[in-house]
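Each remark here refers to the structure printed beneath this line.
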Amino acid sequence: MRFSLRQLEVFLATAHFQNISKAADKLAMSQSAASSALKELEQQFDILLFDRVGKRLQLNEQGRLIRSRAEALLEQAREVEFALMQHKDAGPVKVGATLTIGNYLAVNILGKLLAEQPDAEVSLTVANTEQVMKQVLNYDIDIGMIEGEVQHSDLDIIPWREDNLCVFCAPDHPLANKTDITDADLIKHAWVMREAGSGTRQAFDRAMHGILPEIKISLELQHTEAIKRAVGNGLGLGCLSRITLLDAFIRGDLVVLNPPNRDFSRTLYFIMHKKKFKSAGVQRWLEYCHST
């Protein structure tokens, strides 16, 4: 074989950081050793994988063509290494989840996994749908768990479970005791909503088809709890996943509203890069998600 796994590690780290010094730090190498490894890889195949733009190393077309294959090969090599070192134990997995899933579902799944397998290595990052998708495409995480609907030729998009959004307000809001909520009511009052790019906002916009241009969004907030507090303080109507609101409904802090003829159902999804190797750690995570 005319290349080494170490050379591929340097190539991928450089592609990620666009800087050989940062790549070397990530791999605990000297900058000269990392530079030599990358240079040797290119020379062995008489190819340039990066365009040198000032101090940045930006992947060119040749580099982009082999990046996903190199990532998959290294992932499989790590699996072999873990199998040799730990026999059949699953390796680490990096999970990215959108806010509702991350804060209300994924943490419970992680808790169950760690209770049963304390040595499991799972890292969880939380962001909105658009950001999680970018992390999967950039190989920063192994699997994404999202609320929004996405389309990309490099992604496997796998339905997971059903969810429902819920319109709600403060107990002293003018609509709190109204049984028949009309479109006119939805248009008349201000809203506190998640930001564009989030799965919740995407589902809300779809549910409000026909009247969306007339909806008055007074606040856009990135965090579920901030929206609940803002709505509870009378700043407008809100719309979030029902699973984030159950405790508040039970306490009476917030009131559920039921606009007729509006479909607030949605599907939660897993997303994975089509060319990324599905490790034992990822497969174990999927099994726990389906069983919890």
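Details
- Eligible lysines near residue 276 by straight Cα distance, threshold 22 Å, same-chain separation 8 or greater: 26, 88, 94, 134
- Degrees separating the helix 107-116 axis from the principal Cα axis of the chain, which is the longest one: 60
- Annotation: the antiparallel percentage among DSSP beta bridges lying fully within the stretch 164-264 is about 50.
- Taking 10 °C and 1.306 mPa s as conditions, the stretch 5-67 diffuses translationally at an estimated 141 µm²/s according to Stokes-Einstein applied to its Kirkwood radius (Cα pairs).
- Per-peptide average of other Cβ atoms within 10 Å, ordering 270-276, 55-61 highest first: 270-276, 55-61
- Computed on the Cα atoms alone, the convex hull of the stretch 162-214 gives a volume of 107 cubic angstrom per residue.
- In degrees, nearest ten, helix 31-44 long axis to first principal axis of the chain (Cα): 70
- For residue 18, residues with placed amide H under 5 Å, excluding near neighbours: none
- DSSP-loop chymotrypsin sites (Phe, Trp or Tyr not before Pro) across the stretch 64-158, with at most 12 other Cβ within 10 angstrom: none
- Nearest 10 degrees, 0 to 90: helix 61-86 Cα axis against the chain principal axis: 90
- Identified option (computed Rg/Rh (Cα atoms, Kirkwood Rh); candidates [x] 1.08; [y] 1.01; [z] 0.98): [x]
- Over the stretch 164-264, the Kirkwood radius and the radius of gyration, each from Cα atoms, give a ratio Rg/Rh of 0.91.
- Straight-distance crosslink candidates among lysines, where the alpha carbon sits under 16 Å from residue 112 and sequence neighbours closer than 8 are dropped: none
- Nearby lysines by direct alpha-carbon distance to residue 216 (threshold 21 angstrom, same-chain neighbours under 8 apart not counted): 178, 188, 228
Read-outs: derived from the displayed coordinates by stated rules, not from any lab. Since this is a predicted model, take the numbers as computed values, not measurements. Cβ: placed from backbone, ideal geometry, glycine included. Neighbour counts: every protein chain shown.
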